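These notes are about the structure you will find just below.
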Amino acid sequence: MLVMREQVLAWLADNVPASRLQHILGVEQMASNLALHYHLDVEKAAQAGLMHDLAKYFKPKKLLQMAQAEGLELDLVDEANPHLLHADVSAIVARDQFGVKDEEVLQAIANHTLGRPGMSLLSCIIYIADTLEPGRGNTPELEKLRQISCQNLYKAVWLTCDYSLKYLIDTRCLIHPRTIRTRNWALELAAKKQQAADLSKVMAP
């Protein structure tokens, strides 16, 4: 893993600006910390965090071509904003350029921008870390979301979706339906988890 990390860092140094590399390292660190907190595979989390933005600066035409060649199902919003495909294409680069075969890692990379209903806990962690890593700022809202990320992953995904949706609405951007589906899925799971926790308190002697 250490050898691959050095290879990925060297590749990133040639393909993304220094400011983006700092963000990527922030995601890698936060993902590792969350994985440790939730007793998940820290190495997988670090790997997905390090590789989540491999295709961030690919040209729109290249993103579309690679997505189409992979047979990905494209939404009208994808076609209008090919940049949204950088997550899926980053997973393709991780697989083809760096030989990543772990499907959970590849899915975590692919899901980090729009999320996906039913995604794994590892995907949830990368999705959250992408928005909440320390380099994103320290507003009260972000600090609150970071606290929640250590208490209830699904609640953190739901509220991170809300945070992103507010920004998209305020900036009059198109909203991908997958983000809405992810938000609703996470909201429902967070509510169920809360109900179970409340019930256990009532049932406790």
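Check region 67-82 and report whether any residue there is farther than 21 Å from Cys161 by Cα, buried (at least 21 other Cβ atoms within 10 Å of the Cβ) and free of Cβ contacts under 8 Å to residues at least 60 places away in the same chain.
Checked against the condition, which is being farther than 21 Å from Cys161 by Cα, buried (at least 21 other Cβ atoms within 10 Å of the Cβ) and free of Cβ contacts under 8 Å to residues at least 60 places away in the same chain, region 67-82 yields at least one hit.
Do the conditions hold for Ala110, that is, is it without any contact (Cβ under 8 Å) to a residue 60 or more places away in the chain, under 14 Å from His52 (Cβ atoms) and touching an Asp or Glu at 6+ places or on another chain (Cβ under 7 Å)?
Criteria met by Ala110.
Being closer than 27 Å to Val157 by Cα and without any contact (Cβ under 8 Å) to a residue 40 or more places away in the chain is the filter here; which residues of region 1-27 pass it?
Hits for region 1-27 are Ser19, Arg20, Leu21, Ile24, Leu25.
Out of (1) surrounded by fewer than 20 Cβ atoms within 10 Å (Cβ to Cβ); (2) in contact with a helix residue (DSSP H, G or I) (Cβ under 6 Å, 6 or more places away or on another chain); (3) part of a helix (DSSP H, G or I), the odd one out for Pro117 is which?
(3)
If you go through region 1-52, how many residues are under 20 Å from Ile125 (Cα atoms) and of a type outside the set (S, T, N, Q)?
30
Could you count how many residues in region 89-114 are under 22 Å from Leu9 (Cβ atoms) and surrounded by 18 or more Cβ atoms within 10 Å (Cβ to Cβ)?
15
Which one is nearest to Met30 (Cα to Cα) among residues in region 122-135 that are of a type outside the set (A, V, I, L, M, F, W, C) and in contact with an Asp or Glu (Cβ under 9 Å, 6 or more places away or on another chain)?
Looking at residues that are of a type outside the set (A, V, I, L, M, F, W, C) and in contact with an Asp or Glu (Cβ under 9 Å, 6 or more places away or on another chain), I get Glu133.
I'd like the full set of residues that are closer than 15 Å to Asp88 by Cβ and either surrounded by fewer than 20 Cβ atoms within 10 Å (Cβ to Cβ) or among the small types (Gly, Ala, Ser) (or both), limited to region 36-55.
Ala48, Ala55
Filter region 13-66 down to the residues that are within 17 Å of Ala108 (Cα to Cα) and over 18 Å from the mean Cα position of the chain (by Cα) and list them by number.
His39
We did not get these values from a lab; they are worked out from the coordinates using the rules stated. Remember, predicted model here, so these are calculated numbers, not experimental data. Note: ideal-geometry Cβ built from the backbone for every residue, glycine included; neighbour counts use all protein chains shown.
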